[in-house]
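The values are calculated or read from the model by the stated rules, or taken from the named source; none is laboratory data. Fair warning: this is a prediction, and the values are worked out from it, not measured in the lab. Counting neighbours? That spans all protein chains shown, and the Cβs are built from the backbone with ideal geometry, glycine included.
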C-alpha cells in the first residue's frame with residue numbers, strides 16, 4: 001500500500017492584485033496543506049503536477065517560501081516528485097529553471113524526459129547522484145513518471161510517452177504519471193484541451209493514476225484521471241470552482257483519492273446588485289451598501305477574516321455613469337467589509353428608448369422623437385422629456401435663424417428654471 005499527496009498549480013509568487021498579503025496567501029496555503037495532509041498524514045511521497053511558481057523568473061522571497069516548505073517535507077522524510085508547468089518551465093533554449101535549481105539542491109526530484117534528439121533515451125531511471133531522470137521506482141511499490149509542458153503538441157507527446165512507457169523495465173504494482181494539461185469540458189474558453197480519448201493510450205500503456213495540473217478546478221474521470229485544481233484561487237472568478245489537494249491511497253483494490261480542502265485559503269465573497277433603469281445614483285449606492293450589510297449580517301461576509309470581495313452592479317441605469325462615484329463607493333464598501341481587496345465592477349447599460357416612427361415621418365417628427373428618446377433615458381429629465389424636446393427644437397430653430405447669444409441663453413434659462 002502507498003499513500004501520497006497530489007498538488008498542482010501552487011503559483012508561489014502570485015502578484016495579480018498587487019498585494020503583498022495576497023502573495024503571502026499562496027505560501028500559507030502550501031505550508032498548511034503539506035503540514036496537514038502530508039506530514040501529519042505521514043504520506044509516502046508528494047507529487048507536484050506543475051506550476052509550483054507563478055513566474056519563470058522569481059523573487060528571492062518566493063524562492064525562500066518554496067525552500068521552507070520543501071525543507072519541512074525533507075525533515076519529515078517525505079520525498080517530493082515534480083514536473084514543470086507552463087508558468088515555471090525553463091525558457092526556450094535554456095537548460096536551467098528554478099525547479100532544476102531546487103532539484104540540484106536535493107529538495108525535490110524533477111522528473112523529465114531525456115533529449116532524444118541528442119541521443120538520450122526518452123525515459124531513464126532517476127540517478128540520485130546526477131539528480132537526473134524521467135522516472136523513479138519508490139520503496140512503497142509505486143513508479144512515478146514525469147513529463148514536460150507540451151502545449152498544443154500534447155496529443156503527439158502522449159503517443160511518444162505511451163510508447164516509451166512500454167519499453168521500460170517491469171513496473172512495481174502501480175504507475176503514476178505527472179502531466180500538466182487540461183481535459184476538455186471542464187471550464188469554458190479553454191483552447192487546446194485534451195479529449196478523453198487522447199489520454200487513453202496512457203491507460204493502455206499501464207498508467208494507473210494520471211496526476212494532472214493546469215486547470216484550476218478539481219475534477220476526476222473514470223477512476224484514474226485526477227486534477228486537484230489550484231491550491232488557492234488565482235482570481236475572484238475562480239471562487240466558484242471547487243479546488244484542493246488529493247490525498248491518495250493506492251492498494252490492491254485500486255485507487256482511492258479524496259479531495260481535501262481543510263487548509264488555509266482566504267475567503268472570497270461575490271455579491272451582485274441589479275438595476276432596472278429607474279434608480280437615481282444615490283439609490284444605486286444605497287443598494288450596494290445594503291448588499292454588503294446583508295452579507296455581513298448573514299455571516300456570508302466576515303470582516304475579521306479580511307476577505308476578498310467583489311460586488312458587481314449590473315443592469316440598466318437612467319443617468320450618466322459618471323454621476324456614480326465608483327471610486328468613493330468602493331472605498332466606503334472596503335472600509336465597511338474590512339476586505340483585503342474590494343473589487344467594485346459596474347457593468348451597466350444606459351436605458352434606451354426607441355419610439356416607433358411611421359415610414360412617412362417628416363423631419364420635424366423625427367427630431368421630436370430623437371430628442372424625446374435621449375431625454376427619456378435620463379432619470380432627471382424623463383418626466384418632462386416631450387416638453388424639453390420641443391424646447392431643444394426651438395433652440396435649434398433660433399440658432400439656424402441667426403438669433404443672438406442672449407436670445408438663445410434666455411430660452412435655455414427658461415427651460416432650466418422651469419425644470420427646477
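Structure summary
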read-out	value
Residues of region 213-230 satisfying the condition of being over 17 Å from the mean Cα position of the chain (by Cα) and either surrounded by fewer than 16 Cβ atoms within 10 Å (Cβ to Cβ) or in a strand (DSSP E or B) (or both)	220, 221, 222, 223, 225, 226
Condition check for residue 233: in a loop (DSSP other than H, G, I, E, B), modelled with pLDDT of 95 or more, closer than 19 Å to residue 53 by Cα and in contact with a strand residue (DSSP E or B) (Cβ under 8 Å, 6 or more places away or on another chain)	yes
Restricting region 1-26 to residues that are under 21 Å from residue 79 (Cβ atoms) and not in a strand (DSSP E or B), the residue that is modelled with the lowest pLDDT	1
All positions within region 242-278 that are part of a loop (DSSP other than H, G, I, E, B) and closer than 19 Å to residue 330 by Cα	267
Options 157, 117: the member that is closer than 23 Å to residue 199 by Cβ and part of a helix (DSSP H, G or I)	157
Index of the failed condition, residue 114 passing every other in (1) surrounded by 14 or more Cβ atoms within 10 Å (Cβ to Cβ); (2) within 19 Å of residue 246 (Cβ to Cβ); (3) free of Cβ contacts under 8 Å to residues at least 24 places away in the same chain	(2)
Among (1) modelled with pLDDT of 95 or more; (2) surrounded by fewer than 16 Cβ atoms within 10 Å (Cβ to Cβ), the one test that residue 251 misses	(1)
Set 75, 38: member being surrounded by fewer than 19 Cβ atoms within 10 Å (Cβ to Cβ), under 30 Å from residue 252 (Cα atoms) and either without any contact (Cβ under 8 Å) to a residue 24 or more places away in the chain or in the same structural domain as residue 255 (by TED's automatic domain parsing) (or both)	75
Number of positions in region 1-33 that are within 23 Å of residue 138 (Cα to Cα) and touching a helix residue (DSSP H, G or I) at 6+ places or on another chain (Cβ under 6 Å)	1
Search result, residues across region 65-87 that are within 20 Å of residue 16 (Cα to Cα) and out of contact with any helix residue (DSSP H, G or I) (no Cβ under 6 Å at 6 or more places or on another chain)	66, 85, 86, 87
Residues of region 34-45 satisfying the condition of being assigned to a loop (DSSP other than H, G, I, E, B) and in contact with a helix residue (DSSP H, G or I) (Cβ under 8 Å, 6 or more places away or on another chain)	43
Single residue of region 376-420 satisfying the filter (outside any helix (DSSP H, G or I), surrounded by 12 or more Cβ atoms within 10 Å (Cβ to Cβ) and within 53 Å of the chain's Cα centre (by Cα)) that is modelled with the highest pLDDT	381
In region 300-337, the residues that are surrounded by fewer than 17 Cβ atoms within 10 Å (Cβ to Cβ) and part of a loop (DSSP other than H, G, I, E, B)	300, 302, 306, 320, 325
The lone exception for residue 194 - which of (1) in contact with a strand residue (DSSP E or B) (Cβ under 8 Å, 6 or more places away or on another chain); (2) crowded, with 20+ Cβ neighbours inside 10 Å it fails	(2)
Single residue of 259, 271 found to be closer than 30 Å to residue 138 by Cβ and buried (at least 17 other Cβ atoms within 10 Å of the Cβ)	259
Unique residue being surrounded by fewer than 20 Cβ atoms within 10 Å (Cβ to Cβ), assigned to a helix (DSSP H, G or I), touching a strand residue (DSSP E or B) at 6+ places or on another chain (Cβ under 7 Å) and not assigned by TED's automatic domain parsing to the domain that holds residue 340 when the list is 239, 287	239
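Residues checked against (1) in contact with a strand residue (DSSP E or B) (Cβ under 7 Å, 6 or more places away or on another chain); (2) without any contact (Cβ under 8 Å) to a residue 24 or more places away in the chain; (3) closer than 22 Å to residue 38 by Cβ; (4) surrounded by fewer than 19 Cβ atoms within 10 Å (Cβ to Cβ):
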site	(1), (2), (3), (4)
54	yes, no, yes, no
66	yes, no, yes, no
81	yes, no, yes, no
118	no, yes, no, yes
126	yes, yes, yes, no
144	yes, no, yes, no
